[in-house]
Amino acid sequence: MAIEYLKSGKPAAERADDDAKTRAAVEATLADIEVRGDVAVRALSEKFDNYSPASFRLSMAEIDALIAQLSPRELADIKFAQEQVRNFAQAQRDSMLDIEVETMPGVILGHKNIPVQSVGCYVPGGKFPMVASAHMSVATASVAKVPRVIACTPPFKGKPNPAVIAAMHLGGAHEIYVMGGIQAVGAMALGTDTIEPVHMIVGPGNAFVAEAKRQLFGRVGIDLFAGPTETMVIADDTVDAEICA
């Protein structure tokens, strides 16, 4: 039986060329953010998101107004999802025990689990708002008792997405900024005149976000390099459709 390819990737040479272009673009952009700070961030937001508010950080009044746009069902769904994430994250944290032992007279060894002191959570949202990403980063950092949790998400259709902002706020974010892409990751990691830098960057994103995290690793901690999410289900008419979905 001949192999049938349902989908094939780009040729290796073409992928290498794309990677090189991405690396160069990210390197230049991060250098610009480090030098010009807020000015660079605003210019990038205007260029890529056509978004230039008076302040990229949302005020409490703005957050409340966005949450008020959600239906009771939407708000209940966000709270339910976060409760599940928090409960499991707390169980994980409870399993991480500190230890201290005296291995021989006067020799005391051990370890302690101490939270990162500040974390920047990136939540994608340019094409499709990723509400779940806010649960998985902001809420888990909150359970870990990180003293300062900031969150960034790009505008959706020219304005903040209410569901994502609600998830960030209810998850425990101390600061919420509406900015995306390299400018968000760079601002959180490098700092600007208005944003204090963080110690760790977490969250998925496109190729430019992933490359920014790679180049900033060492200067800040990162969670991992998140690749594209592609799922294909091959099924016939004998399966349970609900389970497939």
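Determine the relative contact order of the chain: mean sequence separation of Cα pairs under 8 Å and six or more apart, normalised by residue count, in whole percent.
Here the relative contact order equals 22 percent.
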Straight-distance crosslink candidates among aspartates and glutamates, where the alpha carbon sits under 14 Å from residue 112 and sequence neighbours closer than 8 are dropped = 94, 98, 100
What is the list of residues in region 4-28 whose amide nitrogen lies under 12 Å from a point 7 angstrom out from the Cα of residue 207, following Cα to Cβ?
-> 10-26
Heavy-atom surface of region 1-158, accessible at 1.4 Å and reported per residue (Å²) = 66 Å²
Applied in sequence order to region 72-88, the curve 6.51 cos²θ - 1.76 cosθ + 1.60 (Karplus, θ = phi - 60°) yields integer Hz couplings, x standing for Gly and Pro, of x, 5, 4, 5, 5, 5, 4, 5, 5, 4, 5, 4, 5, 5, 4, 4, 6
Of the residues 164, 123, 35, which exhibits the maximal mean-square fluctuation in a Gaussian network model of the chain defined by a 10 Å Cα contact cut-off?
-> 35
Mean Cβ-within-10 Å packing, highest first, puts peptides 217-223, 58-64, 115-121 in the order 115-121, 217-223, 58-64
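Tally the DSSP beta bridges in the chain and give the antiparallel ones as a percent, rounded to 5.
Numbers: 7 of 22 bridges.
Close to 30 percent.
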Can you bin region 1-104 into rounded, prolate or oblate? Criterion: square roots of the alpha carbon gyration tensor eigenvalues sorted a ≥ b ≥ c, rounded for a/c under 1.5, prolate for a/b above b/c, oblate for the rest.
-> rounded
Anchor residue 127: lysines whose Cα lies under 27 Å away (excluding residues fewer than 8 positions away in-chain) = 7, 10, 21, 47, 79, 157, 159, 213
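Give the carbon-plus-sulfur fraction of the accessible surface of region 185-245 in %, rounded to a whole number; probe 1.4 Å, heavy atoms of protein chains only. Can you show the working numbers first?
Details: 2200 of 3980 Å².
C and S fraction of accessible area: 55 percent.
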Please report, as a whole percent, how much of the solvent-accessible surface of region 1-131 comes from carbon and sulfur atoms (probe radius 1.4 Å).
-> 58 percent
Among 204, 162, 147, which one shows the biggest mean-square fluctuation in a GNM of the chain, springs joining Cα atoms closer than 10 Å?
-> 147
Considering the dipole of the chain built from charges on the beta carbon (Lys and Arg +1, Asp and Glu -1) around the Cα centre, which of 130, 3, 239 is farthest to its positive end?
-> 130
Across 16, 89, 40, the residue with the highest GNM fluctuation in the chain (Cα network, 10 Å cutoff) is 16
Once region 151-245 is represented by equal point scatterers at the alpha-carbon sites, with solvent omitted, what log10 I(q)/I(0) does the Debye formula produce at q = 0.17 Å⁻¹?
-> -0.81
Relative frequency of Cα-Cα separations exceeding 29 Å in the chain, percent | 40 percent
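Tell me, in nm to one decimal, what length is gained between residue 61 and residue 219 on full extension, where the rule is 0.36 nm per residue of separation less the Cα-Cα distance?
Working: separation 158, 0.36 × 158 = 56.88 nm, distance 3.39 nm.
That pair, residue 61 and residue 219, stretches by 53.5 nm at full extension.
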Region 73-177: C-alpha gyration tensor shape, a/c 1.5 cut-off, then a/b vs b/c | prolate
What's the center-to-center distance, using Cα atoms, between region 188-237 and region 108-127 in Å?
-> 13 Å
Between the modelled labels at residue 17 and residue 91 (7 Å from Cα along Cα→Cβ) the distance in nm is 5.0 nm
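Work the Kirkwood hydrodynamic radius out for region 104-151: mean of 1/r over every pair of different alpha-carbon atoms, inverted, in Å.
Numbers: mean 1/r = 0.0775 Å⁻¹.
Over region 104-151, the inverse of the mean reciprocal pair distance is 12.9 Å.
The values are calculated or read from the model by the stated rules, or taken from the named source; none is laboratory data. Everything quoted here is computed from the prediction, not taken from an experiment. Note: ideal-geometry Cβ built from the backbone for every residue, glycine included; neighbour counts use all protein chains shown. Heads up: the accessible areas ignore ligands, DNA and RNA and are worked out on the full protein's heavy atoms, side chains in. Shrake-Rupley method; radii C 1.70, N 1.55, O 1.52, S 1.80 Å.
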